[in-house]
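The values are calculated or read from the model by the stated rules, or taken from the named source; none is laboratory data. The structure presented is a predicted model; accordingly, all values stated were derived computationally and were not measured. Because the Cβ atoms are built from the backbone with ideal geometry, glycine has one as well, and the counts that use them run over all protein chains shown. Quick note on the areas: whole protein, heavy atoms, side chains included, nothing else; ligands and nucleic acids left out. Shrake-Rupley method; radii C 1.70, N 1.55, O 1.52, S 1.80 Å.
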Amino acid sequence: MILVGNQRGGSRDLALHLMKEENEHAEVYELRGFASQNLMGALNEAYAVSRGTRCTQFLYSLSLNPPEQEAVPTEAFEEAIDRAEQRLGLTGQPRAIVFHEKNGRRHAHAVWSRIDVETMTARQMSFDHEKLQTLSRELFLEHEWQMPPGLAKRSLSDPRNFTLAEWQQARRAGKDARAVKTAIQDAWAISDSRAAFAHALEERGFRLARGDRRGFVAVDMRGEVYAIAKWTGVKIRQVRERLGDETGLLGVSETKQRIADDVLSKLDRFQEQLEGEERALRGKFEDRRQAFVRRQRAERQALTSKIEQRREREAIQRQERFRTGLKGLWDRMRGEHRRIRKLNEREAASALVRDRAELDALVLRQLEQRRHLNIFRLWARREHDAERQDIRRDVEVYRGLRNAEPDHPRSHQPRRNRGPAPER
């Protein structure tokens, strides 16, 4: 879900925009903390309160756009808005939520008043774009939506900041040469010093290091080495003018060891997280299994009681077919008693078959229910086993990185074949 927010004024214009008739449906879903019962009145209230301050951008407007192909329930929008409110520091502020539907798509808008009426100051909105971008990435991962490339770029950066889900996504995505070149060139473009460049590289999953042949290199989180001058497309002299002398930096081998130590500690936490999730899942399945057993035992007991009551009732009905006294004696003499007895025996045998079939049908249905539960449990176990194996393989990779031999920087240009100098 893409989240875009900004501070603004213009309460009337915003209300008119949110209720434009060009939408197929425009629903004011919530007005919280306002006296007015309509959107225009609510936002005008926010403006009136702001007049007691110097704040001109007294509103914060947020749009929430889910992936086009996804059907997102209202609860998911509400949860995203609540989480955005908490991270933006707008908890408890008057809020309006509006849903729009157009061309088969549904998106939402949330508007808060920034003015805290107790202090008559505006809530500070520092780093709101970064906060919303982080939350947006989390929502795509949690809902397993296809993440847009521009949004995914920063989430596939420094593994020290990964969640377990992001680490798994990064393993699947890998890196290609174009992404590496773009990342290094972006870091160079926004930096004006060695410290700024090193920080920008770390945000993109690289470490600045001293090359084994002198010069500056970048080392990625898999231990690949890239020459800064060649991958940025600038001259070595320009690199030195901006970054200074490389002698104070760690070498490639030491940088790899530092990366390995950082990532291994993160992988240890991932393993603990997986084990905790598996324990919780086992407990959840055991609770569900026991609930199944209790419910199924109750069903069997109810059916058994029903069959027993019906058996007694039918036995009484069959017994009542025999007449007593002189009439009964007459039935015996003319063979009617024997015919009734044979009929009762056949009906009792049929009833027994019927009762057993009902019990068997219930048992088979309950077995199928437990089988489905067990299949899901086995599938979840295989998923955890696969994740655990992936992490173990990564652990082996980074343990090997600790003892890595010195590498030469990689270049995006073809390596030249330099033979011996020609004889004159």
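Would you be able to say whether some residue in the range 79-95 is under 22 Å from the mean Cα position of the chain (by Cα), within 20 Å of Leu139 (Cα to Cα), open to solvent by 20 Å² or more (accessible area, probe 1.4 Å) and in contact (Cβ under 8 Å) with a residue 60 or more places away in the chain? Please lay out each step first, then the result.
In the first step, residues of the range 79-95 are kept if they are under 22 Å from the mean Cα position of the chain (by Cα); the result is 79-88.
Narrowing further to those that are within 20 Å of Leu139 (Cα to Cα): 79-88.
Applying the additional criterion that residues be open to solvent by 20 Å² or more (accessible area, probe 1.4 Å) yields 79, 82-83, 86-87.
Restricting the remaining residues to those that are in contact (Cβ under 8 Å) with a residue 60 or more places away in the chain gives none.
The answer is no, given that none of the residues of the range 79-95 is under 22 Å from the mean Cα position of the chain (by Cα), within 20 Å of Leu139 (Cα to Cα), open to solvent by 20 Å² or more (accessible area, probe 1.4 Å) and in contact (Cβ under 8 Å) with a residue 60 or more places away in the chain.
If you scan the range 357-374, which residues turn out to be farther than 14 Å from Gln301 by Cβ and touching a residue at least 24 places away in the same chain (Cβ under 8 Å)? Give the steps one after another, and end with the answer.
Within the range 357-374, the subset farther than 14 Å from Gln301 by Cβ is 357, 360-361, 364-365, 367-374.
Of everything in the range 357-374, those that are farther than 14 Å from Gln301 by Cβ and touching a residue at least 24 places away in the same chain (Cβ under 8 Å) turn out to be Gln369, Arg370, Leu373.
Looking only at residues that are free of Cβ contacts under 8 Å to residues at least 24 places away in the same chain and within 23 Å of Arg289 (Cβ to Cβ) in the range 379-405, which one is most open to solvent (accessible area, probe 1.4 Å)?
Arg382
Being buried (at least 18 other Cβ atoms within 10 Å of the Cβ), in contact with a Ser or Thr (Cβ under 9 Å, 6 or more places away or on another chain) and outside any loop (DSSP other than H, G, I, E, B), is that true of even one residue in the range 50-57?
Quick first cut of the range 50-57, residues buried (at least 18 other Cβ atoms within 10 Å of the Cβ) only: 50, 55.
Those left that are additionally in contact with a Ser or Thr (Cβ under 9 Å, 6 or more places away or on another chain): 50, 55.
Right, trim to outside any loop (DSSP other than H, G, I, E, B) and you get 50.
Yes, the conditions are met somewhere in the range 50-57.
Could you say whether any residue in the range 97-105 is open to solvent by 70 Å² or more (accessible area, probe 1.4 Å), of a type in the set (A, V, I, L, M, F, W, C), closer than 28 Å to Asn23 by Cα and in contact with a helix residue (DSSP H, G or I) (Cβ under 8 Å, 6 or more places away or on another chain)? Even if it seems obvious, please write down each step before you answer.
Applying the first criterion (open to solvent by 70 Å² or more (accessible area, probe 1.4 Å)) to the range 97-105 yields 102-105.
From the residues that got through so far, the ones that are of a type in the set (A, V, I, L, M, F, W, C) too are none.
Taking every residue of the range 97-105 in turn, none turns out to be open to solvent by 70 Å² or more (accessible area, probe 1.4 Å), of a type in the set (A, V, I, L, M, F, W, C), closer than 28 Å to Asn23 by Cα and in contact with a helix residue (DSSP H, G or I) (Cβ under 8 Å, 6 or more places away or on another chain).
Hey, can you tell me all the residues within the range 21-37 that are touching a strand residue (DSSP E or B) at 6+ places or on another chain (Cβ under 7 Å) and within 23 Å of Arg106 (Cβ to Cβ)?
Within the range 21-37, Asn23, Glu24, His25, Ala26, Glu27, Val28, Tyr29, Glu30, Leu31, Arg32 qualify.
Among the residues of the range 106-113, is there at least one that is open to solvent by less than 60 Å² (accessible area, probe 1.4 Å), modelled with pLDDT of 90 or more and part of a helix (DSSP H, G or I)?
Within the range 106-113, not a single residue is open to solvent by less than 60 Å² (accessible area, probe 1.4 Å), modelled with pLDDT of 90 or more and part of a helix (DSSP H, G or I).
Taking the residues in the range 243-276 that are in contact (Cβ under 8 Å) with a residue 40 or more places away in the chain and not in a helix (DSSP H, G or I) as candidates, determine which candidate is most open to solvent (accessible area, probe 1.4 Å).
Leu250
Condition first: open to solvent by 50 Å² or more (accessible area, probe 1.4 Å), more than 18 Å from Ala80 (Cβ to Cβ) and of a type outside the set (Ser, Thr, Tyr). Now tell me which residues in the range 120-139 satisfy that.
Within the range 120-139, Met120, Arg123, Gln124, Phe127 meet the criteria.
Considering each of Arg371, Arg310 in turn, give the residue that is within 37 Å of the chain's Cα centre (by Cα), surrounded by 10 or more Cβ atoms within 10 Å (Cβ to Cβ) and part of a helix (DSSP H, G or I). Even if it seems obvious, please write down each step before you answer.
Values: Arg310 fails: within 37 Å of the chain's Cα centre (by Cα).
Result of the check over Arg371, Arg310: Arg371.
Looking at Phe322, Phe376, which is the one that is over 54 Å from the mean Cα position of the chain (by Cα) and either within 29 Å of Glu278 (Cα to Cα) or surrounded by 14 or more Cβ atoms within 10 Å (Cβ to Cβ) (or both)? Full working, then the answer.
Details: Phe376 fails: over 54 Å from the mean Cα position of the chain (by Cα).
Result: Phe322 is the single residue among Phe322, Phe376 that is over 54 Å from the mean Cα position of the chain (by Cα) and either within 29 Å of Glu278 (Cα to Cα) or surrounded by 14 or more Cβ atoms within 10 Å (Cβ to Cβ) (or both).
Testing Leu151 on (1) at pLDDT 75 or above; (2) under 29 Å from Arg83 (Cβ atoms), one condition comes back false. Which one is that?
Only one criterion is unmet by Leu151, namely (1).
Let me spell it out: the conditions are (1) at pLDDT 80 or above; (2) surrounded by 20 or more Cβ atoms within 10 Å (Cβ to Cβ), and Val180 meets all of them except one. Which number is the exception?
In the conditions (1) at pLDDT 80 or above; (2) surrounded by 20 or more Cβ atoms within 10 Å (Cβ to Cβ), Val180 misses (1) alone.
Could you check the range 1-35 and list, in sequence order, the residues that are closer than 23 Å to Asn103 by Cα and part of a loop (DSSP other than H, G, I, E, B)?
Of everything in the range 1-35, those that are closer than 23 Å to Asn103 by Cα and part of a loop (DSSP other than H, G, I, E, B) turn out to be Met1, Met19, Lys20, Glu21, Glu22, Asn23, Glu24.
Of all residues in the range 215-242, which are among the acidic types (Asp, Glu) and surrounded by fewer than 19 Cβ atoms within 10 Å (Cβ to Cβ)? Explain how you work it out, then say what you get.
First, pick out the residues of the range 215-242 that are among the acidic types (Asp, Glu): 220, 224, 241.
Within the range 215-242, Glu224, Glu241 qualify.
Taking Arg207 as the residue in question, decide whether it is closer than 23 Å to Thr134 by Cα, modelled with pLDDT of 80 or more, open to solvent by 10 Å² or more (accessible area, probe 1.4 Å) and in a strand (DSSP E or B).
Values: closer than 23 Å to Thr134 by Cα: yes; modelled with pLDDT of 80 or more: yes; open to solvent by 10 Å² or more (accessible area, probe 1.4 Å): yes; in a strand (DSSP E or B): yes.
In short, yes.
Within the range 344-356, which residues are without any contact (Cβ under 8 Å) to a residue 24 or more places away in the chain and either aromatic (Phe, Trp, Tyr) or open to solvent by less than 60 Å² (accessible area, probe 1.4 Å) (or both)? Quick ask: steps written out before the conclusion?
Initial filter on the range 344-356 (without any contact (Cβ under 8 Å) to a residue 24 or more places away in the chain): 345-346, 349-350, 352-354, 356.
Answer for the range 344-356, where residues must be without any contact (Cβ under 8 Å) to a residue 24 or more places away in the chain and either aromatic (Phe, Trp, Tyr) or open to solvent by less than 60 Å² (accessible area, probe 1.4 Å) (or both): just Ala349.
Please go through the range 19-38 and give me each residue that is touching a residue at least 40 places away in the same chain (Cβ under 8 Å), surrounded by 13 or more Cβ atoms within 10 Å (Cβ to Cβ) and over 18 Å from Glu85 (Cβ atoms), ordered by number.
If the condition is that a residue be touching a residue at least 40 places away in the same chain (Cβ under 8 Å), surrounded by 13 or more Cβ atoms within 10 Å (Cβ to Cβ) and over 18 Å from Glu85 (Cβ atoms), then Met19, Asn23, Ala26, Glu27 are the ones that fit.
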